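J.: Attaching a single structure in structure tokens format; questions to follow.
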Amino acid sequence: MIPLFEKEVNAYLNISTGYENVDNKIEEYLKLFVNEKPQNEADATIAIGLPNKNIIINNKNSLTREKYKWYFDNIIYYNNKPLGSKPYNGLVGAFSDDHNYIFVAGNDIDGLIAAVKRLISARELFFNNFNKDKVSIIENTDVTGISIADLLRNPSNFPYYEKRGTIMFA
């Protein structure tokens, strides 16, 4: 598959979901939209993970809590309140600290996949003006989150959903 556009962003990809096969598929997908570079050569670091799985997200969690009012504990918090407890809740947040960061997280794998989808569908927002803080949430009534959860949990896919560590799930 060849994208119909020029890749304009050099990104360091740090993906840690706890499922190596899923990490590899997300990385493969993102490489269709960004040029992967070492962190010191990248325009931004894209850190993707489930709560408490990604070291970069964990290290910046107190900063995002204090400055931007969103952070990750066992679930996602937005405006210092739980975003929701649905597995498909997710968040994409961008900010600039010592480097430009884009964080992508979900309450569970459903929300993480929905948030990755949101990052790419809103790439014009997130891949430009790195010095401007941005956030997009996937709350309880968000169609993207609901549709991802529905797809993952439908009867023909649910047996794979229960075996997330396998290549079949990825």
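The values are calculated or read from the model by the stated rules, or taken from the named source; none is laboratory data. Owing to the predicted nature of the structure, the values given are computational and were not obtained by experimental measurement. Note: ideal-geometry Cβ built from the backbone for every residue, glycine included; neighbour counts use all protein chains shown. Remember, those area values only see protein heavy atoms, side chains included, never the ligands or the DNA or RNA. Shrake-Rupley method; radii C 1.70, N 1.55, O 1.52, S 1.80 Å.
J.: Kindly provide log₁₀ I(q)/I(0) values, in the same order as q = 0.26 Å⁻¹, from the Debye equation applied to equal alpha-carbon scatterers of the range 70-122.
T.: -0.98
J.: How much of ARG164 can a 1.4 Å solvent probe reach, expressed as accessible area in Å² and rounded to 10?
T.: In the full protein context, ARG164 sits at about 40 Å².
J.: At a probe size of 1.4 Å, how large is the accessible area of ASP110, to the nearest 10 Å²?
T.: My reading of the accessible area for ASP110 is about 0 Å².
J.: Another one. Can you give the longest run of the chain that contains no GluC sites (Glu not before Pro) sitting in a DSSP loop with at most 10 other Cβ atoms inside 10 Å?
T.: No qualifying site falls inside 7-161, the longest such stretch.
J.: In whole percent, what relative contact order does the chain give with Cα contacts below 8 Å and a gap of six or more residues?
T.: The value is 20 percent.
J.: In the structure shown, do any of LYS37/LYS163; LYS67/LYS132; LYS60/LYS163; LYS25/LYS132 have a Cα-Cα gap over 25 Å, and if so which?
T.: Flagged as over cut-off: LYS37/LYS163; LYS60/LYS163; LYS25/LYS132.
J.: Express the accessible area of the chain per residue in Å², computed with a 1.4 Å probe while the remaining protein chains stay in the model.
T.: Computed with neighbouring chains in place, this is 52 Å² per residue.
J.: P(r) of the range 20-170 in 10 Å steps, Cα pairs, percent per bin?
T.: With a bin width of 10 Å, the distribution comes to 11, 42, 36, 10, 1.
J.: Then there is this: Separation between the THR166 and LYS134 pseudo-spin-labels, each 7 Å from Cα along Cα→Cβ, expressed in nm?
T.: Distance between the two pseudo-spin positions: 3.8 nm.
J.: Could I have the simple spin-label model distance between ALA122 and GLU66, label points 7 Å from Cα toward Cβ, reported in nm to one decimal?
T.: Placing both labels 7 Å along Cα→Cβ, they lie 2.5 nm apart.
J.: So which chymotrypsin sites (Phe, Trp or Tyr not before Pro) in the range 43-130 pass both tests, a DSSP loop state and at most 13 other Cβ atoms within 10 Å of the Cβ?
T.: Within the range 43-130, no chymotrypsin sites (Phe, Trp or Tyr not before Pro) qualify (loop, at most 13 other Cβ atoms within 10 Å).
J.: Something else: Please compute the length gained on full extension between ASN154 and ASP98, using 0.36 nm multiplied by the number of residues separating them and subtracting their Cα-Cα distance.
T.: 15.9 nm
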